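Below is one structure; the comments refer to it alone.
Nothing in this text is a laboratory measurement; each read-out follows from the coordinates by a stated rule. Note that the structure is predicted; figures quoted are calculated from it, not measured. No Cβ is skipped: glycine too gets one built from the backbone with ideal geometry, and neighbour counts run over all protein chains shown.
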Amino acid sequence: MYGTVSQLCNRLKAQFEGDQKITLIIWRKEDVMRVMGEEHVTGETAAEIVCDLATWDRDAKHEAGVGAETLRILADNIRHSAGWRNRPVTLSASDVEILVKAAGRQPVAGAGKETDAIQEALRRAYLAVNQ
């Protein structure tokens, strides 16, 4: 579960009987930052880790557990993903020129060379970004 204290209390009341015994383990971004202390995780990354934990189903949490090693793996995944999205890619100046001219307008189907050039530049840009 992920959300505010009020939201979680409402969900707990809806899912469990009032007299049912359960164990509740809570992770806040401050907890993540404390456990990962030497790794200098930012508050933003710690908050993203807490949010990611909510995407796991209950069985996965029971089987894998959520401890320092799990937090490290999640942090590494977040860092890798951020690095991949923000990495530099190389496009030729002519492809950039074609794409800039094409931006904001829809090429007319059957426009021949212009449409072909745009499609080819898009293909090369797609390949550069997804290498």
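Of note:
- Residues of the stretch 24-40 classified as in contact (Cβ under 8 Å) with a residue 24 or more places away in the chain and not hydrophobic (A, V, I, L, M, F, W, C), total: 1
- Selection within the stretch 78-97 - farther than 30 Å from GLU120 by Cβ and touching a residue at least 12 places away in the same chain (Cβ under 8 Å): ILE78, ARG79
- Scanning the stretch 14-51 for residues that are polar (S, T, N, Q) and either surrounded by fewer than 16 Cβ atoms within 10 Å (Cβ to Cβ) or farther than 17 Å from ILE73 by Cβ (or both) turns up GLN15, GLN20, THR23, THR42.
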